[in-house]
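*Asks:* Pasting in a structure now, in structure tokens, and then I'll have a few things to ask.
What follows is calculated from the coordinates using simple rules that are stated; it is not laboratory data. Remember, it's a predicted structure, so these values are computed and weren't measured experimentally. Every residue, glycine as well, gets a Cβ built from its backbone with ideal geometry; the counts of neighbours run over all protein chains shown.
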């Protein structure tokens, strides 16, 4: 069965490929505005569903995987930074704190529709301003929710996580594979 990833995230593509899931990449270009009345939980699930529905409407013969990831500290949502100063602001706020990383994932085919909301608690070390600027100069934070990549150069900044590491990377991999296996999508992909 064709599996379509409704995301251009290199991290999500790598995670799926590392476990042998071959995907077609078709990014969902949707309005990712978070409404004032929405909690992070509601917004992230709505966005994952919107991305999935957008692509599933075009590829209804496939299994479509979509996901959205947010970093939350004290009810404030930290999306991708707009510029270096925004990245600094986010990392300065996260420094020495425990925050949540939420990834909502939707998997849909003509036979089934499953939704997962995975939440991991991440404790970041106390960072100096120099630590933060040195990291920003690598350019790694600029396309990451919360302005850091746990699997990249920011790995040393993370003291502890409680929950699923891959949720922080951007795709709850165990849950994804479990759903694909339970619904025989991986078996059908092997047969092709």
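*Asks:* Below 8 Å, C-alpha to C-alpha, sequence gap of six or more: please give me the relative contact order for the chain in percent.
*Replies:* Relative contact order for the chain comes out at 22 percent.
*Asks:* Please work out the FRET efficiency for the pair residue 158 and residue 37, using the Cβ-Cβ distance as r and a Förster radius of 35 Å; give the result to the nearest 0.05.
*Replies:* 0.60
*Asks:* Would you mind pulling out the separation of the Cα centroids of the stretch 1-34 and the stretch 124-183, in Å?
*Replies:* Between the Cα centres of the stretch 1-34 and the stretch 124-183 lies a distance of 17 Å.
*Asks:* With a/c under 1.5 counting as rounded, go ahead and sort the stretch 79-131 into rounded, prolate or oblate using the C-alpha gyration tensor (a ≥ b ≥ c being the square roots of the eigenvalues; past the cut-off, prolate if a/b is larger than b/c, else oblate).
*Replies:* Here the stretch 79-131 falls in the oblate category.
*Asks:* For the stretch 99-192, take every pair of Cα atoms, bin their distances at 5 Å starting from 0, and report each bin as a whole percent.
*Replies:* Percent of pairs per bin, in order: 3, 12, 20, 18, 14, 11, 9, 7, 4, 2, 0.
*Asks:* How much length is gained if the chain between residue 46 and residue 60 is pulled fully straight, taking 0.36 nm per residue apart and subtracting their Cα-Cα distance, in nm to one decimal?
*Replies:* Difference between extended and current length: 3.1 nm.
*Asks:* Quick check: pseudo-label points 7 Å beyond the Cα along Cα→Cβ at residue 114 and residue 178, how many nm apart are they?
*Replies:* With each label placed 7 Å out from Cα toward Cβ, I get 0.8 nm.
*Asks:* Over the stretch 47-121, what number does the Rg to Rh ratio reach, with both radii from the alpha-carbon atoms and Rh per Kirkwood?
*Replies:* So for the stretch 47-121, dividing Rg by the Kirkwood Rh gives 1.12.
*Asks:* Now, a different point. What distance in nm lies between label points placed 7 Å from Cα along the C-beta direction at residue 84 and residue 137?
*Replies:* Result for the modelled spin labels: 0.9 nm.
*Asks:* Separate question: As a check on your grasp of the helix formula, calculate [θ] at 222 nm for the chain: sum -39500 (n - 2.57) over DSSP H runs of n ≥ 4, divide by the residue count, round to the nearest 500.
*Replies:* So the helix-based figure for the chain works out to -10000 deg cm²/dmol.
*Asks:* Could you give the radius of gyration (one decimal) and Dmax (whole number) of the Cα atoms in the stretch 117-172, in Å?
*Replies:* Expressed in Å, the Cα Rg and Dmax of the stretch 117-172 come to 11.4, 35.
*Asks:* Right, here's the next one. Dividing the alpha-carbon Rg of the chain by 2.2 N^0.38 Å yields what?
*Replies:* Ratio of Rg to 2.2 N^0.38 Å for the chain: 1.04.
*Asks:* With the crude spin-label approximation of a point 7 Å out along Cα→Cβ, what separation in nm comes out for residue 14 versus residue 125?
*Replies:* Here the answer is 2.0 nm between the modelled labels.
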